[in-house]
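Q: Can you read through this structure? Questions will come right after.
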Amino acid sequence: MDFGLLFSEFPSLTFDGIALGAIYALISLGYTLVYGVLRLINFAHSEVFMIGTFAALMASSNIMGVKIEDDPLSGGKLILTIVVCLVVAMLTSGIVAVLVEIVAYRRLRKRGATKLATLISAIGVSITLVEAFRIMTDSLPREFPRFFEKSLVAEIAGAQIRNDKLLVIFAAGLMMFVLDRFISKTRIGKGIRAVSQDEQTSVLMGININRVVTVTFLMGGLMAGAAAFFYVLVYENTSFRVGFFLGISAFTAAVLGGIGNIRGALVGGFALGLLEVYGSVLLGTAWKHVIAFTILVLVLLLKPTGLLGESIQQARV
Amino acid sequence: MINLRDAGATWWENASKLKRRSLVVSLVVFIYALPFLNNPLINTPGSMFESVLFYPIGMFVLLSLGLNIVVGKSGLLDLGFVAFFAIGAYTMGVLGTRTNLNFWEILPIAMGLAMLSGVLLGAPALRLRGDYLAIVTLGFGEIVRIVAVNEEFIGGARGIAGIPTPPDLFGMKFEILNPKPYYWLLVTMTLLVYWAVRRMAVRRPGRAWDAIRQDDDVAQLMGVPTFKYKVWAFVLGAAVGGAGGCLYASQILSIVPDQFSLNVSILVLACVVFGGIGNPFGVMVGAAILAYLPERIRFLTQPRQLVFGIVLVLIMNLRPDGLLPRKKREKFESEMK
């Protein structure tokens, strides 16, 4: 229990926690969107994220020709590289998410199969994707090149602001804002909300359920892809099993905030990021998941629908 | 596609007592005799057939039967079943290496501790529903593993080595190189659990679990003490997991926390759903197939798990209710609802 360190480093830790929370929040959006529409834990979502990290890696080395030993980029090339990597990662993850839905869920959904059958199908897809990447990468982690020199750009109230994390927070915030507008303002966004309220009625009202589901998976995938790029930008490595713990954490974040609720996923993501950073200082990094889960259990016991409550009426199998 | 479950059930209902008994006896004899049927048609290239029969096949059959009480009978999604398996194994590990107790004395302690942890987890968690319960149990499974990694008293990341084997039984020696006695013991335990589950299913607890699964609120309104039976389902599942873990530790002789990862929980759940959720016989068949398949195709060293994943997706898409689902009547009724 090192409270001294927690207090002296509190502002910097808060900043780090927000950066980590931004990544969690982006991934948990995918869980929450799919859960809102289909009442289903998309178990393969962590693999959508994992593929995003590899897509970002491919984009940087094969499209932009950046090598590990290269000097940091600067100026226009830097911006172009970041944009290309981000877009490629997002598109790849988005497409993979849509394909997962078509391969693993659509048929089961049409036959009205139980949620557990769909869950096992998702687990099957997840195993398949992880194994495919394990074989392709020879079970080795991959390094991601450093695009720009990571330096402290400012110190606000004692918090040391690192440029890459600042970029992540801003870009993630922008994306969350765009997604929130998309869901609340556009036609298809309204469709998504209608289906999460009442699937049968919205189908009777003429909403194309297949399109809503595809767009939902696409959105979740795009967000996971963005999270994947930000992850490799900050942590500079990836491996075939990168999705596992991040996926569990992100799903925890979604439940913490109230699954099915988009703003809840954001709150949950940031809350979990902060808790893990504070917790790992207090008790050591090994215990950070324990802290996160303990707090999750406490929150659920006091407020069984998560911090912001579910947007859906019932929470049952 | 022909409905195997219904065809089998019809045959069973129309068969005479003699036919039924002879089928059961020959099936049981076949299962006990499996270690001697080591031939190229069914054996597992790359690993010893007898030890594959014990772990993973037999062990997964037992664990799936335990999880089936929780997920299949009462419809509570538990993603942390490995925790009880780990608690059983660690009880055997710690007590076996630090005290003079033997396997038979530790087994009830292991089951008791697993049941106790089932109550400790279940009492708060079972007030939650559906996917919230899933995430809390998943968290519990991970916490148990992380505690095992970080707690030096139980060996930390290195785990526990030198766990004693069970004492001789009926002149059979329990040795690492001779897994047959372990397999027979495991089969006996599995049959006992199967018999107990069958008995319970037709009595009060079974009916309570059915009611809870179909509609929690209605069951509560009709006077079923739902919370009590949910905790009981959890505790009984935990006891089976703990017993499995205890036996596993005494066969494998050394345990490390990594053997008790989330993957085990997921695999056991996959066995339950794959075989036909809620039907104990189907669950046993499903678990045997899912545990056997990766070992059978071990010659495909690299893409073995890949094939496993693809098979899982294919089967679930072709038979969403599992290989041998619950009786159709019940399914029909729940659809009418």
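The values are calculated or read from the model by the stated rules, or taken from the named source; none is laboratory data. Everything numeric in this text was worked out from a predicted model, so none of it was measured. When we count neighbours, we look across all protein chains shown, and the Cβ atoms used for this are built from the backbone with ideal geometry, even at glycine. These area figures cover heavy atoms from the full protein model, side chains too; ligands, DNA and RNA do not enter into them. Shrake-Rupley method; radii C 1.70, N 1.55, O 1.52, S 1.80 Å.
Q: How much accessible area per residue does chain B have, counting only protein heavy atoms and a probe of 1.4 Å, in square angstrom?
A: 44
Q: Just to verify a number: what accessible area does residue B:236 come out at with the full protein assembly present, 1.4 Å probe, Å² rounded to tens?
A: The accessible area comes out at roughly 40 Å².
Q: Related question: Going by average Cβ neighbours within 10 Å, how do the peptides A:178-191, B:111-124, A:19-32 rank, with the highest at the top?
A: Highest to lowest by the protection proxy: A:19-32, B:111-124, A:178-191.
Q: On a 1.4 Å probe surface of the protein chains, which of B:103, B:227, A:177 comes out largest in accessible area, and what is the full order?
A: The ordering from most to least exposed comes out as A:177, B:227, B:103.
Q: Using a Debye calculation, one point per C-alpha and no hydration shell, please list log10 I(q)/I(0) for the range A:1-65 at q = 0.19 Å⁻¹ in order.
A: Cα-only, vacuum Debye calculation for the range A:1-65: -0.84.
Q: For B:84, B:170, A:270, B:30, what's the largest-to-smallest order of accessible area, 1.4 Å probe?
A: The ordering from most to least exposed comes out as B:170, B:30, A:270, B:84.
Q: What 222 nm value per residue comes from the helices of chain A, counting each DSSP H run with n ≥ 4 as -39,500 (n - 2.57) and dividing by all residues, nearest 500 deg cm²/dmol?
A: -23500 deg cm²/dmol
Q: Here is a follow-up. So, taking all protein chains as they sit and a 1.4 Å probe, how much accessible area belongs to residue A:283, in Å² rounded to tens?
A: About 80 Å², rounded to the nearest 10.
Q: Accessible area per residue, 1.4 Å probe, Å², for chain A: what's the number?
A: Heavy-atom accessible area per residue stands at 42 Å².
Q: List the residues of the range B:137-151 that lose 20 Å² or more of accessible area once all protein chains are present, compared with their chain alone (1.4 Å probe, heavy atoms only, no ligands or nucleic acids).
A: Checking the loss per residue gives B:138, B:139, B:142, B:143, B:146, B:147, B:150.
Q: Roughly to the nearest percent, how much of the accessible area of chain B is carbon and sulfur, given a 1.4 Å probe?
A: Of all accessible area on chain B, carbon and sulfur atoms account for 67 percent.
Q: For A:286-299, what's the mean count of beta carbons from other chains sitting within 10 Å of each residue's beta carbon?
A: Mean inter-chain Cβ contacts per residue within 10 Å come to 4.
Q: Using Cα centres only, tell me the gap between the range B:217-273 and the range B:88-135 in whole Å.
A: 9
Q: Report the trypsin sites (Lys or Arg not before Pro) located in the range B:172-224 that are in a DSSP loop and have at most 14 other Cβ atoms inside 10 Å of their Cβ, or state none.
A: Within the range B:172-224, the qualifying trypsin sites (Lys or Arg not before Pro) (loop, at most 14 other Cβ atoms within 10 Å) are B:173, B:203.
Q: Let me ask something else about it. Please give the calculated 222 nm ellipticity per residue for chain B, where each DSSP H segment of at least 4 residues contributes -39500 (n - 2.57) and the sum is spread over every residue; nearest 500 deg cm²/dmol?
A: Estimated from H runs of four or more residues: -21500 deg cm²/dmol.
Q: Return the value, in Å² to the nearest 100, of accessible area buried between chains A and B (probe 1.4 Å, both sides summed).
A: Using a 1.4 Å probe on protein heavy atoms, the buried area is about 3800 Å².
Q: Positive end of the charge dipole of the range B:1-132 (Lys, Arg +1 and Asp, Glu -1 on Cβ, about the Cα centre): tell me which of B:69, B:82, B:16 has its Cα farthest that way.
A: Checking the options against the dipole of the range B:1-132, the answer is B:16.
Q: Only counting protein heavy atoms at a 1.4 Å probe, give the residues of the range A:85-105, ordered by number, whose accessible area falls by 20 Å² or more when the other protein chains are present relative to the chain alone.
A: A:103
Q: Follow-up. Leaving out ligands, DNA and RNA, and with a 1.4 Å probe, what % of the accessible surface on the range A:161-317 is carbon or sulfur?
A: Summing carbon and sulfur atoms, their accessible area is 64 percent of the total for the range A:161-317.
Q: Roughly how many debye, to the nearest 20, is the charge dipole of the protein assembly as shown about its Cα centre, given +1 on each Lys and Arg Cβ, -1 on each Asp and Glu Cβ, and no other charges?
A: It works out to roughly 2560 debye.
Q: What does the structure give for A:124-134 when I average, per residue, the other chain Cβ atoms found within 10 Å of the residue Cβ?
A: So the per-residue partner count for this stretch is 6.
Q: Sticking with this one: With the dipole of the protein assembly as shown worked out from charges on the C-beta (+1 for Lys and Arg, -1 for Asp and Glu) around the Cα centre, which of A:61, A:166, B:116 lies farthest toward the positive end?
A: B:116
Q: Here is a further query. Hey, can you list the DSSP H helices of chain A whose Cα span along the axis is 18 Å or longer and whose average Kyte-Doolittle score is at least 0.5?
A: Membrane-span-like by this rule: A:10-38, A:45-58, A:75-100, A:115-136, A:163-185, A:209-235, A:242-257, A:262-283, A:288-302.
Q: Considering every residue in A:25-33, what mean count of other chain Cβ atoms within 10 Å of its Cβ is obtained?
A: Whole-number average of other-chain Cβ neighbours for A:25-33 is 0.
Q: What is the Cα convex hull volume of the range B:11-167 when expressed per residue in Å³?
A: In the range B:11-167, the Cα hull volume divided by residue count equals 192 Å³.
Q: Let me ask something else about it. To check my understanding: the extent here is largest minus smallest coordinate of the Cα atoms along each principal axis. What are those three numbers for chain B, in Å, largest first?
A: Extents along the principal axes, in whole Å: 56, 48, 42.
Q: Can you tell me which of A:223, A:205, A:90 moves the most in a GNM of chain A? Springs connect C-alpha atoms under 10 Å apart.
A: A:205
Q: Another one. Hey, got the dipole for chain B? About the Cα centre, +1 on K and R Cβ, -1 on D and E Cβ, debye to the nearest 20?
A: 1040
Q: Dipole magnitude of the range A:60-180 about its Cα centre, charges +1 at Lys/Arg Cβ and -1 at Asp/Glu Cβ only, in debye to the nearest 20?
A: 800
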